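Please treat every number below as a calculation from the coordinates, not as lab data. Please read all numbers here as calculations on a predicted model, not as lab measurements. Note: ideal-geometry Cβ built from the backbone for every residue, glycine included; neighbour counts use all protein chains shown.
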Amino acid sequence: MADGGGCSQHGDASGGDCSTCESESPGISESPRPLLPSEEDRVLDEEPNTFFWRAHTITVLFVLICVLVHVTLVEETPTDSAYNQKRGFIASLLVFLCFGVTQAKDGPFTRPHPAYWRFWLCASVLYELGLIFILFQTADDGRQFMKFIDPSLGVPLPERDYGGNCLIYDHGRPGNPFHNVWDKFDCFVLAHCLGWFAKTLVIRDWWMCTIMSVMFEFLEYSLEHQLPNFSECWWDHWIMDVLVCNGLGIYCGMKTLEWLSIKPYRWQNLWSIPTYRGKIKRVAFQFTPHSWVRFAWKPASSLHRWLAVIVIISVFLLAELNTFYLKFVLWMAPEHFLITVRLVFFIHCGAVSMREVYDFLDDPKLSRKLGQQAWITAAVTMTEFLIVIKYDPGTVSRPFPFHVAQCWLLGATGVLAWTVWRFFIREISLKWRARREGHGDSTQRDRSRSHLDTDTNSKHARPRLRKFGLTEGQSNGHM
């Protein structure tokens with residue numbers, strides 16, 4: 001499992017595993033932040049200043065200017081105004097991306113290349129700017145603006161039947177009685193598995209992933225009166241989604257996290273590896289983390305951590321819901337490529353954001369402010385939600401059924417009650433008990449000390465009585 005196509009320290013440059021390195025190198029940090037002295041020998045990087053890792057700012061600037069000169073002096077400008085507007089808009093985006101990829105501040109990830117993650121940071125800024133523009137339009141204008149991206153958009157979606165027949169075994173179809181189950185096995189099953197596999201790599205905690213998976217199904221139950229595609233069969237919710245798709249993705253993600261946490265991180269220069277097999281393996285491992293850190297969220301350790309975890313779960317679930325509400329209010333079909341692009345975008349930006357949030361919570365002295373990617377991702381999530389509210393307030397404000405409202409009220413009351421008990425009542429009782437035990441111990445020590453003083457005084461008094469020829473009883477009677 002050795003990275004870097006072999007171990008230069010122990011003479012294994014064939015690209016195979018090095019058991020010596022593996023025994024010496026458990027998983028560690030995943031960012032370019034300073035490592036502790038005990039961690040420095042766990043990550044070996046022999047190529048920090050090679051051509052691949054340089055910024056190339058002047059080269060990128062020169063190429064960009066050459067392209068602009070070619071467009072200005074060589075190309076003939078078309079007469080199609082719509083084409084020119086779209087072309088100029090795309091060129092403006094590309095120029096901003098070139099600037100950001102070369103000049104933006106690096107984030108916590110460095111593999112496969114820091115410029116890769118700078119690209120996603122700049123893409124998130126552009127996406128937020130586009131959302132702000134859509135937010136300031138009317139609903140009709142915003143939907144028609146989507147035609148600028150894809151001419152097939154801006155058309156109301158046809159009504160679709162969701163839920164339907166929920167029989168697992170349909171006696172009316174003797175030739176294919178399980179047709180309802182087989183109809184659910186489509187491309188979205190694989191998307192569910194891969195999505196939760198990636199989310200597990202982002203969150204790095206089995207309990208949080210499971211809670212989010214179950215809570216999202218409860219949200220689908222609660223909001224099916226607003227969005228028809230939330231209406232699914234019970235076995236589709238709990239068996240197909242939670243147990244099969246989400247469960248399998250979470251399990252594979254946890255196994256991958258386990259492997260990433262124990263693999264050694266020894267990065268050897270590609271040109272110093274003598275074999276082709278070692279070079280290929282080194283290139284493949286370039287797409288794995290530079291180093292690793294395990295997330296220990298510890299939500300019950302303090303009120304601050306508990307509230308932070310609740311906010312993280314809430315923002316995560318809101319981003320999930322935005323996927324369905326946005327395609328509903330902007331008239332996008334579930335299979336449209338923009339939906340897939342948005343999910344890929346959130347996986348990349350969410351990975352960096354979660355790491356920045358964890359560093360901010362785990363070590364406030366090192367991370368004194370919220371990271372740039374986490375900041376823009378939170379802004380994107382809230383802007384998407386505001387677009388949904390503005391474009392279709394009737395759907396979002398549709399009241400919950402009474403039994404659904406009761407369930408959520410009961411759940412919120414339970415969470416609030418547990419919070420008050422865990423971080424206030426329990427803490428006060430523990431402090432009172434510790435103070436009482438400390439007071440009891442001090443009283444016992446005082447009593448022991450007084451008995452010791454009495455014995456000491458009596459021992460010193462006996463020689464004096466003997467000096468005067470009196471016993472202790474006579475002395476007391478005389479006094």
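Could you rank the peptides 94-101, 136-143 by their average count of other C-beta atoms within 10 Å per residue, with the highest value first?
Highest mean packing first, the order is 94-101, 136-143.
On average over all directions, what projected area in square nanometres does the stretch 180-334 have, based on the convex hull of its Cα atoms? Provide the component values of the computation, followed by the final result.
Working: hull surface 52.3 nm².
That works out to 13.1 nm², a quarter of the Cα hull's surface.
For the pair Ala91 and Phe287, what calculated FRET efficiency results from E = 1/(1 + (r/R0)^6), where r is the Cβ-Cβ distance and R0 = 30 Å, to the nearest 0.05? Mind dumping the intermediate values first?
Values: r = 30 Å, r/R0 = 1.00.
It comes to 0.50.
Collect residues whose amide H, placed 1.01 Å from N in the peptide plane, falls under 5 Å from the amide H of Trp267; neighbours closer than 5 in sequence don't count.
Residues meeting the amide H criterion: Leu44, Asp45, Glu46.
Give me the net charge of Arg143's neighbourhood, meaning all other residues with Cβ under 13 Å from the Cβ of Arg143; Lys, Arg count +1, Asp, Glu -1. Walk me through the numbers on the way to the answer.
Details: positive: Lys147, Lys327, Lys390; negative: Asp140, Asp141, Asp150, Asp392.
Once positives and negatives cancel, what remains is -1.
Could you compute how fast the stretch 379-438 diffuses translationally, taking Rh as the Kirkwood radius over C-alpha pairs and applying Stokes-Einstein at 4 °C with viscosity 1.567 mPa s? Give it in µm² per second. Mind showing how you got there, number by number?
Values: Rh = 15.3 Å.
So the translational diffusion coefficient is about 84 µm²/s.
Taking 0.36 nm per residue of separation and subtracting the Cα-Cα distance, what length does fully extending Ala379 through Trp182 add? Before the final figure, lay out the partial values.
Values: separation 197, 0.36 × 197 = 70.92 nm, distance 3.97 nm.
Length gained between Ala379 and Trp182: 67.0 nm.
Which entries in Lys86/Lys147; Lys147/Lys327; Lys199/Lys369; Lys327/Lys390; Lys199/Lys365 show an alpha-carbon gap greater than 18 Å? If you can, show how the numbers build up before the last one.
Numbers: Lys86/Lys147 11 Å; Lys147/Lys327 14 Å; Lys199/Lys369 24 Å; Lys327/Lys390 14 Å; Lys199/Lys365 28 Å.
Lys199/Lys369; Lys199/Lys365, as the Cα separations exceed 18 Å there.
For labels at Ala333 and Ile58 in the simple 7 Å Cα→Cβ model, what's the distance in nm?
In this crude spin-label approximation the distance works out to 5.2 nm.
Using every alpha carbon pair in the stretch 251-392, what percent of pairs falls into each 5 Å bin from 0 up to the bin containing the largest distance?
Bins of 5 Å from zero give 2, 8, 13, 15, 15, 14, 12, 10, 6, 3, 1, 0, 0 percent of pairs.
May I ask you to order 220-228, 361-369, 187-195 by the average number of other C-beta atoms within 10 Å around their residues, highest value first? Could you put the intermediate results ahead of the total?
Values: 220-228: 17.0, 361-369: 12.0, 187-195: 15.2.
So the order, starting with the most tightly packed, is 220-228, 187-195, 361-369.
Kirkwood Rh, the stretch 52-111, all Cα pairs: how many Å?
Working: mean 1/r = 0.0734 Å⁻¹.
Evaluated over the stretch 52-111, this radius sits at 13.6 Å.
Estimate the FRET efficiency between Arg368 and Gln137 by the formula 1/(1 + (r/R0)^6), using the beta-carbon distance for r and 35 Å for R0, to the nearest 0.05. Can you show the working numbers first?
Numbers: r = 38 Å, r/R0 = 1.08.
Computed FRET efficiency for Arg368 and Gln137: 0.40.
Would you mind counting up the charge near Ala115? Only other residues with Cβ under 13 Å from its Cβ, with Lys and Arg at +1 and Asp and Glu at -1.
On the way: positive: Arg54, Lys105, Arg111, Arg118; negative: Asp106.
Overall, the nearby charge balance is +3.
Dimensions of the stretch 230-277 along principal axes (Cα, Å, largest first)?
Result, largest extent first: 58, 21, 16 Å.
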